[in-house]
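Q: Sharing a structure, written as structure tokens. Questions coming.
The values are calculated or read from the model by the stated rules, or taken from the named source; none is laboratory data. From a predicted model like this one, the values you see are computed outputs, not experimental measurements. Here the Cβ is made from the backbone with ideal geometry for all residues, glycine too, and neighbour counts use every protein chain on show. Keep in mind that these areas ignore ligands, DNA and RNA; they rest on the heavy atoms of the full protein, side chains included. Shrake-Rupley method; radii C 1.70, N 1.55, O 1.52, S 1.80 Å.
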Amino acid sequence: MNEQIYKQLGIEEDVYRFCEQICEALAPRFAEIDKRAEYNQLKVIKAMQDAKVSEACLLGTTGYGYNDLGRDTLEAVYANLFHTEDALVRPQITCGTHALALALMSNLRPGDELLSPVGKPYDTLEEVIGIRPSKGSLKEYGITYAQVDLLPDGEFDFDGIKQAINEHTKLVTIQRSKGYEPRKTLSVERIGQLISFIKSIKPDVICMVDNCYGEFVQTIEPTDVGADMVVGSLIKNPGGGLAPIGGYIAGKKDCIENAAYRLTSPGLGKEVGASLGVSQSFYQGLFLAPTVTASALKGAIFAANLYEKLGFTVVPDAKEERFDIIQAITFGKPECILAFCKGVQGAAPVDSFVTPEPWDMPGYDAQVIMAAGAFVSGSSIELSADGPMKPPYAVYFQGGLTWPHAKFGIMNTLQEMKNAGIVTQFP
Ligand SMILES: *Cc1c(COP(=O)(O)O)cnc(C)c1O
């Protein structure tokens with residue numbers, strides 16, 4: 001039955017059969033993911049019920065946005081969900097980088113030091129911190145930065161971290177996802193160990209977790225293991241594909257208060273900030289987020305199993321446990337990246353007819369190719385792939401609002417590999 005519709009979409013029989021065979025073997029793993037999604041779905045429902053979400057919450061305000069019921073209740077929902085005292089969830093937070101910058105700039109003061117105990121942070125944060133000189137960076141405000149890299153085996157450098165913590169250390173930033181680094185993504189349990197260690201040395205240090213791409217992958221979140229703040233983007237996991245913009249910070253009351261005074265103005269804080277018309281998409285997106293994240297995870301696991309079988313290096317590998325939704329595949333050849341991205345693009349519901357081309361993206365030292373045909377521009381919870389056109393020619397793949405779309409997208413990458421003559425045999 002399904003073979004016919006795949007054929008109409010350009011998937012040939014040998015590609016289809018090979019992919020189906022891999023999917024069948026993944027059934028037990030997918031069942032585990034579904035179980036976790038079920039738990040997280042109920043967790044979201046409980047958070048919404050406990051906050052007494054009502055139909056009136058779905059409406060929006062304009063202007064100052066005083067007494068915006070939808071906005072204030074949604075922030076209570078996020079606080080319930082992450083088991084924190086408070087949360088800031090706003091369309092005025094423009095992206096993940098902005099949310100992280102806001103959390104950092106509002107909770108650090110001149111003379112304070114920021115510490116990353118897990119190596120280099122996400123690319124865009126380099127300019128926020130001032131690792132790369134930038135206007136308005138923390139560095140310009142007299143906030144220093146220290147970094148302790150992970151050990152070669154990926155473990156925390158506890159001795160190095162202990163030495164790096166000093167009387168100026170005010171805030172520790174821990175990135176959950178590997179992002180585009182070769183290290184492993186941290187499990188919530190490992191983040192908990194790290195936070196316990198840091199707090200045993202300096203109890204009043206603020207531990208912040210960059211939660212991007214990690215939400216709902218496990219059944220606990222970093223705030224369940226001692227994090228004072230979690231920060232993320234609504235055009236990734238927690239927006240469920242429906243949020244058109246936004247970011248969140250959930251955490252201790254004073255941390256959130258600082259962030260609110262910085263986002264709007266001292267004295268105004270959380271009281272202003274109209275939700276315009278986006279509240280409904282924030283609620284509904286959060287409601288869908290557990291199953292959307294599960295779909296993206298299944299896609300990543302399918303891709304890992306498929307390309308590992310074809311002899312390519314995949315990170316995470318086909319078998320290992322996942323702590324975020326990103327899949328890296330190292331191809332070693334530029335033409336593979338082109339074919340892969342063509343396949344992702346060709347499977348999209350939007351802009352399927354365009355061919356992605358490498359371009360000189362600002363801030364990168366090599367050309368970058370990106371594939372996405374998203375309903376929300378730049379949304380990486382939707383099926384998307386990107387890769388720098390330089391050795392080792394790796395592509396980073398993530399997202400998929402539904403499992404059938406993620407599956408088709410990956411099948412289509414293989415079809416494009418076949419069309420380009422790169423893959424000729426299916427083991
Ligand atoms: C995506 C991401 C960010 C930045 O989010 P943007 O929305 O792209 O600004 C920061 N940290 C990590 C780990 C991310 O994955």
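Q: Within the range 105-117, which residues are within 16 Å of the ligand (Cβ to nearest atom) and either farther than 25 Å from ALA274 by Cβ or among the polar types (S, T, N, Q) (or both)?
A: Selection gives LEU114, SER116, PRO117.
Q: From (1) assigned to a loop (DSSP other than H, G, I, E, B); (2) within 15 Å of the ligand (Cβ to nearest atom); (3) not aromatic (Phe, Trp, Tyr), pick out the condition that doesn't hold for ILE249.
A: Status for ILE249: all satisfied but (1).
Q: Still on this model: Scan the range 394-427 residue by residue and report those that are buried (at least 24 other Cβ atoms within 10 Å of the Cβ) and among the small types (Gly, Ala, Ser).
A: Listed by number, the residues that qualify are GLY399, GLY400, ALA406, GLY409.
Q: Right, here's the next one. Please verify whether the range 149-171 includes one or more residues that are modelled with pLDDT of 95 or more, at negative phi, in contact with a Phe, Trp or Tyr (Cβ under 7 Å, 6 or more places away or on another chain) and within 16 Å of the ligand (Cβ to nearest atom).
A: Yes - at least one qualifying residue is present in the range 149-171.
Q: Right, here's the next one. Identify all residues within the range 229-240 that are open to solvent by 10 Å² or more (accessible area, probe 1.4 Å) and either more than 14 Å from the ligand (Cβ to nearest atom) or among the aliphatic types (A, V, I, L, M) (or both); write none if there are none.
A: Listed by number, the list holds a single entry, ILE235.
Q: While we're looking at this one, here's another question. Filter the range 175-196 for residues that are more than 16 Å from the ligand (Cβ to nearest atom) and among the small types (Gly, Ala, Ser); which is least open to solvent (accessible area, probe 1.4 Å)?
A: Of everything passing the filter in the range 175-196, GLY192 is least open to solvent (accessible area, probe 1.4 Å).
Q: Quickly run through the range 353-366 and pick out the residues that are surrounded by 13 or more Cβ atoms within 10 Å (Cβ to Cβ) and over 19 Å from PRO182 (Cα atoms). Reasoning before the result, please.
A: Taking the range 353-366 and keeping what is surrounded by 13 or more Cβ atoms within 10 Å (Cβ to Cβ), we get 354, 356, 358, 361, 364.
Once the filter is applied, which keeps residues that are surrounded by 13 or more Cβ atoms within 10 Å (Cβ to Cβ) and over 19 Å from PRO182 (Cα atoms), the range 353-366 yields VAL354, PRO356, PRO358, MET361.
Q: Only residues in the range 25-48 that are aromatic (Phe, Trp, Tyr) count as the first member; pair them with residues that are open to solvent by less than 30 Å² (accessible area, probe 1.4 Å), Cβ under 7 angstrom, at least 6 apart or cross-chain, and list the lot.
A: Once the first residue is aromatic (Phe, Trp, Tyr) and sits in the range 25-48, its partners that are open to solvent by less than 30 Å² (accessible area, probe 1.4 Å) give PHE30/LYS298.
Q: Could you say whether any residue in the range 197-209 is of a type in the set (D, E, K, R), within 15 Å of GLY251 (Cβ to Cβ) and buried (at least 20 other Cβ atoms within 10 Å of the Cβ)? Reasoning before the result, please.
A: Start the filter on the range 197-209 by keeping residues that are of a type in the set (D, E, K, R), which leaves 199, 202, 204.
Then drop every residue that is not within 15 Å of GLY251 (Cβ to Cβ), which leaves 199, 204.
Now drop any that are not buried (at least 20 other Cβ atoms within 10 Å of the Cβ), which leaves none.
So far as the range 197-209 goes, no, none of its residues is of a type in the set (D, E, K, R), within 15 Å of GLY251 (Cβ to Cβ) and buried (at least 20 other Cβ atoms within 10 Å of the Cβ).
Q: A follow-up question, please. In this structure, is ILE337 buried (at least 23 other Cβ atoms within 10 Å of the Cβ) and closer than 20 Å to ALA420 by Cα?
A: Working: buried (at least 23 other Cβ atoms within 10 Å of the Cβ): yes; closer than 20 Å to ALA420 by Cα: yes.
Taking the combined requirement at face value, the residue satisfies it.
Q: Are any residues in the range 148-174 of a type outside the set (A, V, I, L, M, F, W, C), open to solvent by 30 Å² or more (accessible area, probe 1.4 Å) and over 17 Å from PHE323 (Cα atoms), and if so, which ones? I'd like the intermediate steps shown before the answer.
A: Here is the first cut: in the range 148-174, the residues of a type outside the set (A, V, I, L, M, F, W, C) are 149, 152-155, 157, 159-160, 162-163, 166-170, 173.
Now drop any that are not open to solvent by 30 Å² or more (accessible area, probe 1.4 Å), which leaves 149, 152-153, 155, 157, 159, 162-163, 166-168, 170.
Result: ASP149, PRO152, ASP153, ASP157, ASP159, LYS162, GLN163, ASN166, GLU167, HIS168, LYS170.
Q: Name the one entry in GLY299, GLY277, GLY343 that is under 21 Å from LEU242 (Cβ atoms), more than 16 Å from the ligand (Cβ to nearest atom) and open to solvent by less than 10 Å² (accessible area, probe 1.4 Å). Spell out how you get there, then give the answer.
A: Numbers: GLY277 fails: open to solvent by less than 10 Å² (accessible area, probe 1.4 Å); GLY343 fails: under 21 Å from LEU242 (Cβ atoms).
Being under 21 Å from LEU242 (Cβ atoms), more than 16 Å from the ligand (Cβ to nearest atom) and open to solvent by less than 10 Å² (accessible area, probe 1.4 Å) holds for just one of GLY299, GLY277, GLY343, which is GLY299.
Q: Any residue in the range 374-393 that's within 21 Å of CYS95 (Cβ to Cβ) and surrounded by fewer than 24 Cβ atoms within 10 Å (Cβ to Cβ): show its pairings with residues that are at pLDDT 95 or above and basic (Lys, Arg) at Cβ separation under 8 Å, as long as the two are six or more apart or on different chains.
A: SER379/LYS236
Q: Here's a check for you: in the range 211-228, which residue that is in contact with a strand residue (DSSP E or B) (Cβ under 8 Å, 6 or more places away or on another chain) and more than 15 Å from the ligand (Cβ to nearest atom) is farthest from GLU189 (Cα to Cα)?
A: For the range 211-228, the residue satisfying everything is ASP228.
Q: Next question. For the range 118-130, give me each residue that is in contact with a helix residue (DSSP H, G or I) (Cβ under 8 Å, 6 or more places away or on another chain) and within 14 Å of the ligand (Cβ to nearest atom).
A: Within the range 118-130, VAL118, LYS120, PRO121, TYR122, THR124, LEU125, VAL128, ILE129 meet the criteria.
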